[in-house]
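Undergrad: Questions regarding the structure given below will be posed in turn.
The values are calculated or read from the model by the stated rules, or taken from the named source; none is laboratory data. All values reported here derive from a predicted model rather than from experimental measurement. Cβ: placed from backbone, ideal geometry, glycine included. Neighbour counts: every protein chain shown.
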Amino acid sequence: MYLIPDFKKEIDSQIKKVALETLKIDVKIKFSESDKDLSVYIWYANEYDSIATFTISAMPGCCGIAVSNGVKMEEWCRNRGFGKALHKIRMYIIKRMGYSCVICTDITGNIPQERILYKNNWVRVNSFKNSRTGNNVSVFVHNFSKATVLSWLNRLNFRRWNMFNHCVKEPEDSLWGPDNHK
Ligand SMILES: CC(C)(COP(=O)(O)OP(=O)(O)OC[C@H]1O[C@@H](n2cnc3c(N)ncnc32)[C@H](O)[C@@H]1OP(=O)(O)O)[C@@H](O)C(=O)NCCC(=O)NCCS
């Protein structure tokens, strides 16, 4: 997925702006592009440790669907609004690249990510136990078209989910570990 240089510049400055607003730091952005994937690395201070990264991949077999994956931030950057802001930028990139639909997976119970997804009209369409890892995984989908009945139903689900989860103060440590593969 190759971005035209002007669009890359725009995304670069958007990410720098939100990093300054939410984390109060200056960051550098590195894009890694191939036919199938676009990865964005956000660096702070040195070029060895990225503080945040995300990847957008083309779904094999359907050019209308993107797969959002590899969303990850260093722990000290979390819970400061940066994840929410990056999600907005990610969705903007995916839409501008011409995709009509995007899917992602998440470990069930990952509260920050689920809050972001539910609040932005993603629909949880499936959940299963991954027999390779033993993790419970949720599958979320977002359509870039008008709200559907499904997304309204999802809002109701979010209310139910929120009623249950707002009392959870701290997430389980195991959910945030760096090697927590889905
Ligand atoms: C998921 C992730 C990208 C979210 O980014 P973030 O910067 O921590 O999220 P934000 O600060 O923007 O918060 C998003 C929402 O979650 C809530 N939240 C954040 N951390 C929370 C915590 N520890 N406990 C409860 N709620 C939390 C925020 O209050 C916010 O909710 P709101 O919209 O109602 O205000 C980040 O936590 C992360 O990298 N986690 C590890 C990797 C991962 O889980 N990746 C995604 C799945 S593949």
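Undergrad: When the stretch 67-80 is examined, which residues are found to be within 16 Å of Val141 (Cα to Cα) and in contact with a Gly (Cβ under 9 Å, 6 or more places away or on another chain)?
TA: The one that is within 16 Å of Val141 (Cα to Cα) and in contact with a Gly (Cβ under 9 Å, 6 or more places away or on another chain): Val71.
Undergrad: Could you please let me know if Glu75 is within 16 Å of the ligand (Cβ to nearest atom) and surrounded by fewer than 19 Cβ atoms within 10 Å (Cβ to Cβ)?
TA: Criteria met by Glu75.
Undergrad: On to the next question. Can you tell me which of Leu153, Leu175 is in a helix (DSSP H, G or I), among the aliphatic types (A, V, I, L, M), away from the ligand (no atom under 12 Å from the Cβ) and modelled with pLDDT under 75? Please lay out each step first, then the result.
TA: Details: Leu175 fails: away from the ligand (no atom under 12 Å from the Cβ).
Just one listed residue meets the conditions, Leu153.
Undergrad: Of all residues being within 23 Å of Glu75 (Cβ to Cβ) and either over 16 Å from the mean Cα position of the chain (by Cα) or of a type in the set (Asp, Glu) (or both) in the stretch 95-133, which is surrounded by the fewest Cβ atoms within 10 Å (Cβ to Cβ)? Just the residue, please.
TA: Among residues in the stretch 95-133 that are within 23 Å of Glu75 (Cβ to Cβ) and either over 16 Å from the mean Cα position of the chain (by Cα) or of a type in the set (Asp, Glu) (or both), the one surrounded by the fewest Cβ atoms within 10 Å (Cβ to Cβ) is Thr133.
Undergrad: Residues in the stretch 44-62 that are surrounded by 11 or more Cβ atoms within 10 Å (Cβ to Cβ) and not polar (S, T, N, Q): how many?
TA: Initial filter on the stretch 44-62 (surrounded by 11 or more Cβ atoms within 10 Å (Cβ to Cβ)): 44-45, 50-59, 62.
Now narrow it down to the ones that are not polar (S, T, N, Q): 44-45, 51-52, 54, 56, 58-59, 62.
Residues that pass the stated criteria total 9.
Undergrad: Name, by its number, the condition in (1) assigned to a helix (DSSP H, G or I); (2) aliphatic (A, V, I, L, M); (3) touching a residue at least 60 places away in the same chain (Cβ under 8 Å) that does not hold for Ile116.
TA: Checking Ile116 against (1) assigned to a helix (DSSP H, G or I); (2) aliphatic (A, V, I, L, M); (3) touching a residue at least 60 places away in the same chain (Cβ under 8 Å), the one that fails is (3).
Undergrad: Of everything in the stretch 82-96, what is within 6 Å of the ligand (Cβ to nearest atom) and touching a residue at least 60 places away in the same chain (Cβ under 8 Å)? Give them in sequence order. Steps first, please.
TA: Start the filter on the stretch 82-96 by keeping residues that are within 6 Å of the ligand (Cβ to nearest atom), which leaves 82-84.
Result: Phe82, single match.
Undergrad: Can you pull out every residue in the stretch 31-48 that is out of contact with any Lys or Arg (no Cβ under 8 Å at 6 or more places or on another chain) and either closer than 20 Å to Cys63 by Cα or at pLDDT 95 or above (or both)? Walk me through how you get there before you give the answer.
TA: Going residue by residue through the stretch 31-48, those that are out of contact with any Lys or Arg (no Cβ under 8 Å at 6 or more places or on another chain) are 32-39, 45-46, 48.
Hits for the stretch 31-48 are Ser32, Glu33, Ser34, Asp35, Lys36, Asp37, Leu38, Ser39.
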